[in-house]
Amino acid sequence: MSQDSAELVNIKANPDVMEQVIPPERLSGGDMLLRALQDEGVDYIFGYPGGQALHIYDAIFRQQRIEHILVRHEQAATHMADGYARATGRTGVVVVTSGPGVTNTITGIATAYMDSIPMVVISGQVPNNQIGTDAFQETDMVGVSRPIVKHSFLIKSASEIPLAVKKAFHIAGTGRPGPVVIDIPKDMTDPNILYDYHYPESVNLRTYNPSLKGHPKQIKKAVNLLLQAKKPVLYAGGGVVQGNGSELLVALAKKLNCPVTNTLMGLGSYPATDKQFLGMLGMHGNYEANMAMHNSDLVFAIGARFDDRVTNAVDKFCPHATIVHLDIDPTSISKIIRADVPIVGLVDLVLTSILSRIDDAFTKGVTRPDMAPWWAEIQSWRDAHGLDTDTRLTDKTLTNILPQQVILSLYRATEGKAYVSSDVGQHQMFAAQYYKFDEPRKWINSGGLGTMGFGLPAAMGVKMAYPDAVVACVTGEGSFMMNIQELSTCLQYGIAVKVVCLNNQALGMVKQWQDMQYGARHAASTYANSLPDLVKVAETFGHIGIRVEALSELDTAMDEVFSEKNRNRLVILDVQVDRDEHVYPMAIKGGSMQDMILSRGEST
Amino acid sequence: MKRRMIAVLLENEAGALSRIVGLFAQRNYNIETLSVAPTEDEELSRLTITLTGDDAKIEQVTKHLNRLIEVVKVSDLTDGAHLERGIMLIKVRAQGAMRAEIKRSVEIFKGRIIDVTPRMYTIEFMGNADKFAAFIATLEKKHIVEVVRSGLAGISRGEKALGL
Ligand SMILES: Cc1ncc(C[n+]2csc(CCOP(=O)(O)OP(=O)(O)O)c2C)c(N)n1
Ligand SMILES: [Mg+2]
C-alpha cells in the first residue's frame, strides 16, 4: 500500500478526524533499517561492528526493541542466527561491517544456504561513490556471496531500504528458505538525511510465487502408488522440518502402516521412538533403513533431495522402486534420481491433500496389500544388525568410554527432550544415530555443508530463542576449537548451553577414513600432545568444566552438567573417549545402499 | 546431446545478468553464445543463450534459471520451430585477383561489403553459425584479419510468443 492509500483508509474509517492523520515519520536510512526490522518482528540481531556499519550500530543503540548480541567472530553470528532460525522457524538476522566482516560470514551463509535456512545478512559497504575503487575494507559482498544466497540486494538509494527489508524477509522465509544479503553503502544510512518512513504491509514479486499446492494429477498418481505398494518407504528430509509437515508425516505413516526413514536433516520430523521408524539412512545410516530402501518397491521422498551421502552409487540406487518425489524446489526433483512422479509443492499442503485422498479411497473400500510380510522382513534386518545389537554399549566391564555411550548418557540425562546442536565429525554421526529425537527442530546440525565450528554458536542461537529450554552442543575437540571464542559471548549474555565434547584427541572422522582407505596413515589428523585442557578453558572463560575419563563416572558427570544447580551456567563436559572407535555402518564406496561395512572387518 | 536455444526474460536490474552468468559457471553448464539487450518494455531484458546438453541437463538449466528471483520467463525455443539470427563482421585482406574473388563469394553467401580500403574489405553477414563457418571456409587463413560475431538472437516461429 502506498502512503497515500494508507491515509485514505484512515480517513474512510473516521471521516471527521482528517487533521489527525499522522504525517509519515521522518527517519534516516539507519533508523529506517532498524524500524523495518522491528516492524518485521525481529527480536535479536547477531553481529559485530566496524567502520561502514557504524551508522547502523548507532541506530541499534538508539532503540530498545531489538537486542543486539555481540559475538566474537562474524562466522559465529551467522551460525547463531542459523541456530535461532532452525529452532524457531523464524528468520535469523545478522549485521556485520564491510570487508573482513562480510568475508567472515561466508561460511555461515553457505551453511544456511545448503540447509535452506531463512537468514537475512545485513552488511555495511563503503559509500556508494567509493564502490569499485578498492577503498579501505571494500569487498564486493554481492559478488562474493552470489553462489550461496537465495537472493541479494545492493542498496542504491536509502529510500529503498524498507522495501528491500520487506522483500528480503519474504524471500528468505518462504518457498525453499535460504539466506538473503542486503549490502548497504555507508552513505545510505547517514543520520543527517531523513526520509518518509513507511513499511509495506505486503510485497508482491511478479517473478516469485512459491506457494504451491502440487499438481492434482500427480498427487492422484502418488496416492494410487502408495495404496498399491507392497514395500513402501517414506524417506523424509529437512523439508518436512522446514515445511512444518511432521504431524502430517506421522498421520500418513500411521494411515498406511508403513516404515519411515529420515535423512540427517530430517531427524525429528518423525518420532524416533516410534516402532515404524527405521532410523537415519545413508552413509552412516541404520542397516534396516538402508536395506529397506534398497528392497522397497516404492520410495516416497518428502522434502529430501537424494544427497550423495544418501544414495551411494546412483546407478545402483533402489533398483526395484518407483520414485515419488515431493519438494518445494523443482530443481531438486530429478536432479540426482529421476522421479517417476514429481510433485512440486509445499509439504503441508500436498500431504494434506494426499491424506484426504487416501481417506476417500478407504471409504470407497479400496484395499491394500498386507504390510505384515514387509514388516517381518524389516524386523529380520533389525534383529541381525540394528544399532542396539552392539553389545559393547551395555558392557559395564569396559573401562574405555565409547562415544556412543556418551550420547546414550546425554539422552538419558535430558530425557530425550533437549535441543541438541552438533558439530561435524564422528561425534555428529553418533549423536544422529543414538539420540532419539521425537520432535522436529530439536536436532540442529550442519548437514549440507558439514561446517565444523557450527555447534557452539548454533546452540547459543537456540538458547537465545528459548531461554528456558535445555540446549546441548555435542562436539569434538577439533570442531569446538573452531569457534571456541564464543565462550566469551556466552558469559556476556548468560547463555547457559551445555557443551558435551567427545574428545578423541583427533580429527576422528578424517582419521577413520585414513584408517580405512589410506593404510592408517594419519596425515594431519592428530594433535594429542598439543590440546588445551578444556576444564581450564571453561574456567578461563568464566564457566564450569568437568572432565570424565572412566565409564563409571560418565552418568554422574552428565547428571551434574544438567543439574538444577548448574541450570544457569555454561558447563563443558570433556569426555575422553576411545580414540580408535569408528562410525558404523558405513556405506561401501561405489556400491548400492545395501552395501555397508557393519563393524570392523564385517561387511554385508 | 543436442544444441539448445533458451530465451529468458529478465528484470532489468543491476546484477541480474551476473546471476545468470554465475549460475552457468557454478553449475558447470557451458554457454556457447549469449546475447542480451533491453526489450520494448524498459523494465525487462531479453537473453538468448545457446548451449549443448542432454534433456536432463537442459531441464535442470531451465529450472535453475526459473529459480532466480529476477527471471520472469524461460522458454526453450528448440522445443518448437524457431528463427535464429546473429551477425558476423569480418575484415579480410583483398588485393589483386582476390578482390574480385572475395566479392563473388560475398554475393553467393548473401553478405554485404560495408567498408573498403585499397587493401581490405569489411564484410557483414546475417545468419547462424553454420553460414558463418561456411563463408570462413572459403578463405585462406592468411586473408582473414579480424572476425567478430554477435551472440544469437532467437524467436519462435508462428504466433507463439514469450511475454509477461
Ligand atoms: C571447517 C571444516 N574443515 C574441515 C572439515 C573436514 N572434517 C570433517 S570431520 C573432521 C574432523 C572433526 O574432528 P572433531 O571435531 O574432533 O570430531 P571427531 O570426528 O573427532 O568426532 C574434519 C577435519 C570440515 N567438515 N569442516
Ligand atoms: Mg575429535
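The values are calculated or read from the model by the stated rules, or taken from the named source; none is laboratory data. Note that the structure is predicted; figures quoted are calculated from it, not measured. Methodologically, a virtual Cβ is constructed for each residue, glycine included, from the backbone with ideal geometry; neighbour enumeration extends over all protein chains shown.
Of note:
- Applying the condition of being in a helix (DSSP H, G or I) and loosely packed, with under 14 Cβ neighbours inside 10 Å to segment A:12-45 and asking which residue is modelled with the lowest pLDDT yields A:Lys12.
- Segment A:473-530 holds helices (runs of 4 or more DSSP H) entirely within its bounds, and those carrying 1 or more residues that are outside the structural domain of A:Glu74 (by TED's automatic domain parsing) and within 11 Å of ligand 1 (Cβ to nearest atom) map to A:477-480, A:508-517.
- Top-ranked residue of segment A:427-456 - restricted to ones that are within 13 Å of ligand 1 (Cβ to nearest atom) and under 22 Å from A:Leu70 (Cα atoms), ranked as nearest to the other protein chains (Cβ to nearest Cβ): A:Thr451
- Members of segment B:85-106 found to be surrounded by fewer than 15 Cβ atoms within 10 Å (Cβ to Cβ) and among the hydrophobic types (A, V, I, L, M, F, W, C), listed by number: B:Ala97, B:Ala100
- Of the helices (runs of 4 or more DSSP H) contained entirely in segment A:97-173, those carrying at least 1 residues that are under 29 Å from A:Ala304 (Cα atoms) fall at A:106-114, A:141-145, A:161-173.
- Selection status of A:Leu410, within 12 Å of ligand 1 (Cβ to nearest atom), touching a helix residue (DSSP H, G or I) at 6+ places or on another chain (Cβ under 8 Å) and of a type in the set (A, V, I, L, M, F, W, C): no
- Selected residue (only one of A:Ile171, A:Ile131 is closer than 23 Å to B:Gly22 by Cα and at the interface with chain B (Cβ under 10 Å from one of its Cβ atoms)): A:Ile171
- Exactly one residue among B:Phe135, B:Phe125 is more than 14 Å from chain A (Cβ to nearest Cβ), part of a strand (DSSP E or B) and buried (at least 18 other Cβ atoms within 10 Å of the Cβ), and that residue is B:Phe125.
- Restricting attention to segment A:320-339 and to residues that are within 14 Å of chain B (Cβ to nearest Cβ) and assigned to a strand (DSSP E or B), the residue that is farthest from A:Ser211 (Cα to Cα) turns out to be A:His325.
- Residue satisfying all of: in segment A:466-489; surrounded by fewer than 23 Cβ atoms within 10 Å (Cβ to Cβ) and under 23 Å from A:Arg90 (Cα atoms); nearest to ligand 2 (Cβ to nearest atom) among these: A:Val470
- Criterion (farther than 25 Å from A:Ser563 by Cα and not acidic (Asp, Glu)) met by exactly one of A:Tyr518, A:Tyr466: A:Tyr518
- Selection from segment A:183-216 of residues that are within 18 Å of A:Val95 (Cα to Cα) and of a type outside the set (A, V, I, L, M, F, W, C): A:Asp183, A:Pro185, A:Lys186, A:Asp187, A:Thr189, A:Asp190, A:Pro191
- B:Lys91 meets each of the listed conditions (1) under 18 Å from the mean Cα position of the chain (by Cα); (2) more than 10 Å from chain A (Cβ to nearest Cβ); (3) assigned to a strand (DSSP E or B) apart from (1).
Residue-by-condition table, conditions (1) part of a loop (DSSP other than H, G, I, E, B); (2) outside the structural domain of A:Gly425 (by TED's automatic domain parsing):
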residue	(1), (2)
A:Ala557	no, no
A:Glu560	no, no
A:Lys565	no, no
A:Asn568	yes, no
A:Leu573	no, no
A:His582	yes, yes
A:Lys589	yes, yes
A:Gln594	yes, yes
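- Of the candidates A:Ala236, A:Ala301, A:Ala222, A:Ala292, the single residue that is within 30 Å of B:Glu70 (Cβ to Cβ) and either surrounded by 24 or more Cβ atoms within 10 Å (Cβ to Cβ) or polar (S, T, N, Q) (or both) is A:Ala301.
- Single match in A:Asp515, A:Asp533 (criterion: surrounded by fewer than 18 Cβ atoms within 10 Å (Cβ to Cβ), within 15 Å of ligand 2 (Cβ to nearest atom) and away from chain B (no Cβ under 14 Å)): A:Asp515
- The requirement of being aliphatic (A, V, I, L, M) and more than 16 Å from ligand 1 (Cβ to nearest atom) is fulfilled somewhere in segment A:380-387, by at least one residue.
- Residue under evaluation A:Ser296, criteria (1) farther than 29 Å from A:Asp390 by Cβ; (2) touching a His at 6+ places or on another chain (Cβ under 9 Å), criterion not met: (1)
- Unmet requirement for A:Asp187, which otherwise passes all of (1) over 27 Å from A:Tyr57 (Cβ atoms); (2) part of a helix (DSSP H, G or I): (1)
- Against the test of being more than 30 Å from B:Val74 (Cβ to Cβ) and over 23 Å from the mean Cα position of the chain (by Cα), the options B:Ile113, B:Ile102, B:Ile123 yield a single qualifying residue, B:Ile102.
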